[in-house]
């Protein structure tokens, strides 16, 4: 697949999510053997391997933040890698406490599906991990 096609596939999935598609069908973009890596700084950091583990992790987000939005502010691609700089927002279901943060997703695509997603809190680190370090200085 071409770089731009990978970026478009990923962005379309985020548009669907933000438009309210909170069903498990949203996860059809994932490879069955995919792996979701939480940010190392996350107190509950872990790796969710396989579609069933990713589904459980996804369901916990939606349960905790039913109005969660992941809004891409920047998207770049290189080879089979897609970099997204995101604005995350929502409100805790139980607490009502607002969530507002920025983070990066570095996604590896395989045959039009996400095979790996790495979460970074640092935009510069994420750009470097995506092989896009030439943008790190101007985008940080």
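Summary table below
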read-out	value
Meets criteria (at pLDDT below 95 and under 19 Å from residue 22 (Cβ atoms)) for residue 87	no
Some residue of the range 10-31 being assigned to a strand (DSSP E or B) and either touching a strand residue (DSSP E or B) at 6+ places or on another chain (Cβ under 7 Å) or under 20 Å from residue 130 (Cα atoms) (or both)	yes
Cross-chain or 6+ apart pairs with Cβ under 7 Å, the range 100-123 first and at positive phi and in contact (Cβ under 8 Å) with a residue 60 or more places away in the chain, then in a loop (DSSP other than H, G, I, E, B) and surrounded by fewer than 22 Cβ atoms within 10 Å (Cβ to Cβ)	112/1
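The values are calculated or read from the model by the stated rules, or taken from the named source; none is laboratory data. Keep in mind that this is a model prediction, so the values were computed, not measured. Here Cβ is always computed from backbone atoms with ideal geometry, including for glycine, and neighbour counts include all displayed protein chains.
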